[in-house]
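Colleague: Sharing a structure, written as structure tokens. Questions coming.
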Amino acid sequence: MLGYERFDVFDSPFGELCATVDARGALTSLRFGGPPPGAVRDEQGLADVRRQLAEYFAGKRRRFELELAPRGTPFQLRVWSALREIGFGEVESYRGLAARVGQPNATRAVGRANGANPIPIVIPCHRVIASDGSLGGYSGGLALKAGLLSIEGHRYLI
């Protein structure tokens, strides 16, 4: 089975999630929906991913301890790394995130990188909000973003 991308699909409070890992077992994607073509199901190999996500959804986990291998441009990787610095229960504006990556005038580029995050929840792009305190956007929809933030103690009306 090594050499193939492996996946598992499991339930979450927000619908079915598909986690994908590379040959080393590093998480490469987390998305709602089914598996990618050509991947091999490996429930046992992704048991730790499943466990940590279940703990997060139950409010028992504040930080993920998973090896990650997101694929993206150098700029996207910098943004995704900065996202991991935003702690549980904290929020950051797109402008603040742009400053974190040393590109204070690149708010829109940061927003696009945020939206391209292949490992949402674990790389917490849901913690980025608009400068006026509103939710802003979210690739999974605003209801999902509000739901994830509610796990972390925030209440947003959508």
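Colleague: What are the residues in the stretch 46-76 that are out of contact with any strand residue (DSSP E or B) (no Cβ under 6 Å at 6 or more places or on another chain), in a helix (DSSP H, G or I) and open to solvent by 70 Å² or more (accessible area, probe 1.4 Å), if any?
Modeller: 51, 74
Colleague: Working carefully through the options 113, 19, 98, find the one that is open to solvent by less than 50 Å² (accessible area, probe 1.4 Å) and more than 14 Å from the chain's Cα centre (by Cα).
Modeller: Working: 113 fails: more than 14 Å from the chain's Cα centre (by Cα); 19 fails: more than 14 Å from the chain's Cα centre (by Cα).
The unique qualifying residue is 98.
Matching residues to (1) more than 14 Å from residue 12 (Cβ to Cβ); (2) touching a Leu at 6+ places or on another chain (Cβ under 7 Å); (3) modelled with pLDDT under 95:
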site: 23; (1), (2), (3): yes, yes, yes
site: 35; (1), (2), (3): yes, no, yes
site: 46; (1), (2), (3): no, no, no
site: 50; (1), (2), (3): no, no, no
site: 54; (1), (2), (3): no, no, no
site: 66; (1), (2), (3): yes, yes, no
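Colleague: Have a look at 70, 37, 74 and point out the one that is in contact (Cβ under 8 Å) with a residue 40 or more places away in the chain, more than 24 Å from residue 133 (Cα to Cα) and not charged (D, E, K, R). Please lay out each step first, then the result.
Modeller: Working: 37 fails: in contact (Cβ under 8 Å) with a residue 40 or more places away in the chain; 74 fails: in contact (Cβ under 8 Å) with a residue 40 or more places away in the chain.
Among 70, 37, 74, only 70 is in contact (Cβ under 8 Å) with a residue 40 or more places away in the chain, more than 24 Å from residue 133 (Cα to Cα) and not charged (D, E, K, R).
Colleague: Turning to a different aspect of this structure: Within the stretch 133-148, can one find any residue that is surrounded by fewer than 17 Cβ atoms within 10 Å (Cβ to Cβ), more than 14 Å from the chain's Cα centre (by Cα) and assigned to a helix (DSSP H, G or I)?
Modeller: Yes, because at least one residue in the stretch 133-148 is surrounded by fewer than 17 Cβ atoms within 10 Å (Cβ to Cβ), more than 14 Å from the chain's Cα centre (by Cα) and assigned to a helix (DSSP H, G or I).
Colleague: Here's another thing I want to ask about it. Of everything in the stretch 77-117 that's touching a residue at least 40 places away in the same chain (Cβ under 8 Å) and aliphatic (A, V, I, L, M), which residue is farthest from residue 133 (Cα to Cα)?
Modeller: Among those that are touching a residue at least 40 places away in the same chain (Cβ under 8 Å) and aliphatic (A, V, I, L, M), it is 116.
Colleague: Can you go through 33, 87 and tell me which one is within 19 Å of residue 126 (Cβ to Cβ) and in contact with a helix residue (DSSP H, G or I) (Cβ under 9 Å, 6 or more places away or on another chain)? Break it down stepwise before answering.
Modeller: Details: 33 fails: in contact with a helix residue (DSSP H, G or I) (Cβ under 9 Å, 6 or more places away or on another chain).
None of the others qualify; the one that does is 87.
The values are calculated or read from the model by the stated rules, or taken from the named source; none is laboratory data. Because the structure is a prediction, the values reported are computed rather than measured. Using ideal geometry, Cβ is built from the backbone for each residue, glycine included, and neighbour counts are taken over all protein chains shown. We work out accessible area using only protein heavy atoms, side chains counted, and drop any ligands, DNA or RNA first. Shrake-Rupley method; radii C 1.70, N 1.55, O 1.52, S 1.80 Å.
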